[in-house]
Amino acid sequence: MAGGYDNTASGDYATVGGGRYNEAITGNYATVGGGYGNQAITGSATIAGGYNNTASGQYAAVGGGSDQIASGSRATVGGGGTNTAAGDYATVGGGSDQIASGSRATVGGGDSNVAAGDYATVGGGRYNEAITGTNATVGGGRSNEASGDYATVAGDTTTRPAATAASPPGIGLGPTRPAASCGATTPPPTSRASGPTSSACGRAAGSALT
């Protein structure tokens, strides 16, 4: 231990650089750089800093932030708050309340997104889910779901109809909302993809994850 207060390094070659109430325990080569209340509790797990973070997977890493968990083998949480990388090789880049639970699943950022399928990806946005299939992808937006193998939702979009020669300047160039058959009004309808097809009717924007 290099310094700090009330820190513990009990595994072989374990290291705590500083801070307070940090623990590098149980596993060999566990490391906590600093911060407060962090725990690196298995072999070669690493926490650079932050508050109340846990790296419990083999070779798992937390860069910083607060209340983060990297529990999968070689899982990584870069920063943010209350994020979880539970799948092996899973990654959460940042944001808040994100979950990457599939093997090699990735959530880049945003808020309350879930990548649960193997190799699933959610780039960002809010309340998006890439689940129940391999290689499912949601690029961003809000309340979108990709739920089949290789299913893709780019994100919330608007369409721009082409201007015609008869249109006065500026007419036909503004964003319009696509029509929805499910009766959705403002905000725009959400998008879902299941396998190779998609539907404009999703759960209501702003609904909590279930």
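The values are calculated or read from the model by the stated rules, or taken from the named source; none is laboratory data. Owing to the predicted nature of the structure, the values given are computational and were not obtained by experimental measurement. Methodologically, a virtual Cβ is constructed for each residue, glycine included, from the backbone with ideal geometry; neighbour enumeration extends over all protein chains shown.
Which pairs do you get when a residue that is farther than 11 Å from A45 by Cα, found in the range 2-28, comes within reach of a residue that is surrounded by fewer than 16 Cβ atoms within 10 Å (Cβ to Cβ) and basic (K, R), reach meaning Cβ atoms under 9 angstrom, with the pair 6+ apart or on two chains?
That search, which allows pairs on different chains as well, returns G4/R20; Y5/R20; D6/R20; N7/R20.
Scan the range 144-157 and report the pairs whose first residue is part of a loop (DSSP other than H, G, I, E, B) and whose second residue is aliphatic (A, V, I, L, M), with Cβ atoms within less than 6 Å and a gap of 6+ or a chain change.
Listed by first residue and then by second, the contacts come to N144/V138; N144/V153; S147/I131; A151/A136; A151/A193.
Tally up the residues in the range 73-89 that are closer than 20 Å to G11 by Cβ, free of Cβ contacts under 8 Å to residues at least 24 places away in the same chain and of a type in the set (G, A, S), please. So that I can check it myself, show each step before the final result.
Keep residues of the range 73-89 that are closer than 20 Å to G11 by Cβ, which gives 73-75.
Still in the list and also free of Cβ contacts under 8 Å to residues at least 24 places away in the same chain: 73-74.
Now narrow it down to the ones that are of a type in the set (G, A, S): 73.
Residues that pass the stated criteria total 1.
Select, from S101, S181, S143, the only residue that is modelled with pLDDT of 95 or more and surrounded by fewer than 22 Cβ atoms within 10 Å (Cβ to Cβ). If you could, list the steps in order and put the result at the bottom.
Values: S181 fails: modelled with pLDDT of 95 or more; S143 fails: surrounded by fewer than 22 Cβ atoms within 10 Å (Cβ to Cβ).
Answer to the selection: S101.
Suppose the filter is of a type in the set (D, E) and at pLDDT below 95; does D111 pass it?
Working: of a type in the set (D, E): yes; at pLDDT below 95: no.
For D111, the condition - of a type in the set (D, E) and at pLDDT below 95 - is not met.
Condition first: within 18 Å of G80 (Cα to Cα), touching an Asp or Glu at 6+ places or on another chain (Cβ under 8 Å) and either surrounded by fewer than 22 Cβ atoms within 10 Å (Cβ to Cβ) or among the aromatic types (F, W, Y) (or both). Now tell me which residues in the range 17-59 satisfy that.
Within the range 17-59, Y51, N52 meet the criteria.
Can you tell me which residue within the range 105-128, out of those that are in a strand (DSSP E or B) and of a type outside the set (A, V, I, L, M), is nearest to G72 (Cα to Cα)?
Going through the range 105-128, the residues in a strand (DSSP E or B) turn out to be 106-107, 111, 114-115, 121-122, 126.
Of the ones still in play, those that are also of a type outside the set (A, V, I, L, M) are 106, 111, 121, 126.
Numbers: T106: 13, D111: 21, T121: 16, R126: 23 Å.
It comes out as T106.
For the range 60-77, what are the residues that are under 16 Å from G33 (Cβ atoms) and buried (at least 20 other Cβ atoms within 10 Å of the Cβ)?
Initial filter on the range 60-77 (under 16 Å from G33 (Cβ atoms)): 60-66, 68, 70, 76-77.
Scanning the range 60-77 gives A60, A61, V62, G63, G64, G65, Q68, A70, T76, V77.
For residues that are outside any strand (DSSP E or B) and out of contact with any Ser or Thr (no Cβ under 8 Å at 6 or more places or on another chain), scanning just the range 3-16, find the one that is surrounded by the most Cβ atoms within 10 Å (Cβ to Cβ).
N7
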